Amino acid sequence: MFNEQLKLSGELSIVLKDKDGNVKDQRELKNLVVNSGLAYIISRMVDTSKAVMSHMALGSSTTATAAGQTDLVSMLGAREAIDSTTINGSVNEKVTYVSNFEAGDATGAVTEAGIFNAGTGGDMLCRTVFPVVNKAADDTMAITWTITLAAA
C-alpha cells in the first residue's frame, strides 16, 4: 500500500528600509495557510475558475492567526499587487511571491500580512502575525513569501 502525506508550509522574509536604502529591520517568519487557502488550492486542481494569487496586504492587528480567517483583521492601506511570482522545486515544490510596499504604502505599526487572489474580496491563501515593524511614511518594505508543498 502506498501512503504519502503532504505538508504545506509558508515562510516569509520582511526587509524594511529607510528612504536612503538602509536596512532598518529584517525578519524571517512562518505563516498559517488558512482554510480558505486550502480550499483555493484544491479548487485549482479541478478547474481554473478562481483567479491566481495576485495581491499582498499588511495590517496592524495582533489578533492570533486562526484557520477560519478570510481577511486581515485591520488592513493598512490597500492590497498591493504582487511584483513577481516564481515556481521551483523537484521534490519539494515551492512558489515564491514578492511584493514591494513603497513609501506611503501601508504606513504604520505593521503586525500582520496576508496573500490574496484579488485586490478586494476574493480568497486569502495565508496570514501571519508578528511583533511590530514600524513602517514610516518614507520607508519601503519588501516581502518575499514562499509556500512549500512537500512529502511529509
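Tabulated results
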quantity	calculated
Check on Thr96, surrounded by 12 or more Cβ atoms within 10 Å (Cβ to Cβ), modelled with pLDDT of 95 or more and of a type in the set (Val, Ile, Thr)	yes
Residues being over 14 Å from the mean Cα position of the chain (by Cα) and either surrounded by fewer than 20 Cβ atoms within 10 Å (Cβ to Cβ) or at pLDDT below 95 (or both) - total across segment 134-152	9
Residue match in segment 71-82 (condition: basic (Lys, Arg), farther than 25 Å from Ile42 by Cβ and at pLDDT 95 or above)	no
Sole exception among (1) in contact (Cβ under 8 Å) with a residue 24 or more places away in the chain; (2) within 14 Å of the chain's Cα centre (by Cα) for Ala66, by number	(2)
When residues of segment 25-38 are limited to those that are open to solvent by 60 Å² or more (accessible area, probe 1.4 Å) and assigned to a helix (DSSP H, G or I), the one nearest to Thr96 (Cα to Cα)	Leu38
Candidates Ser74, Ser60, Ser54, Ser84 - the one that is of a type in the set (Ser, Thr, Tyr) and surrounded by fewer than 12 Cβ atoms within 10 Å (Cβ to Cβ)	Ser84
Filtered residue count, segment 71-124, keeping only those that are within 13 Å of the chain's Cα centre (by Cα) and among the β-branched types (Val, Ile, Thr)	7
Pair list, Cβ < 6 Å and 6+ apart or interchain, from segment 72-98 residues that are within 23 Å of Asn35 (Cα to Cα) to residues that are of a type in the set (Asp, Glu) and outside any strand (DSSP E or B)	Val98/Asp83
Any hit, segment 105-113, residues being among the hydroxyl-bearing types (Ser, Thr, Tyr) and open to solvent by 40 Å² or more (accessible area, probe 1.4 Å)	yes
Residue within segment 5-24 that is farther than 28 Å from Ala150 by Cα, open to solvent by 80 Å² or more (accessible area, probe 1.4 Å), of a type outside the set (A, V, I, L, M, F, W, C) and in contact (Cβ under 8 Å) with a residue 12 or more places away in the chain present	yes
Residues (at pLDDT below 95 and either of a type in the set (Gly, Ala, Ser) or outside any loop (DSSP other than H, G, I, E, B) (or both)) located in segment 48-61	Ser49, Ala51
In segment 39-51, the residues that are open to solvent by less than 60 Å² (accessible area, probe 1.4 Å) and either acidic (Asp, Glu) or in contact with a Lys or Arg (Cβ under 8 Å, 6 or more places away or on another chain) (or both)	Tyr40, Ser43
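The values are calculated or read from the model by the stated rules, or taken from the named source; none is laboratory data. In this text the structure is predicted, and so the values were computed from the model without any measurement. In this analysis, Cβ positions are derived from the backbone assuming ideal geometry, glycine residues included, and neighbour counts consider all displayed protein chains. Please note that ligands, DNA and RNA were not included when accessible areas were found on the heavy atoms of the full protein model with its side chains. Shrake-Rupley method; radii C 1.70, N 1.55, O 1.52, S 1.80 Å.
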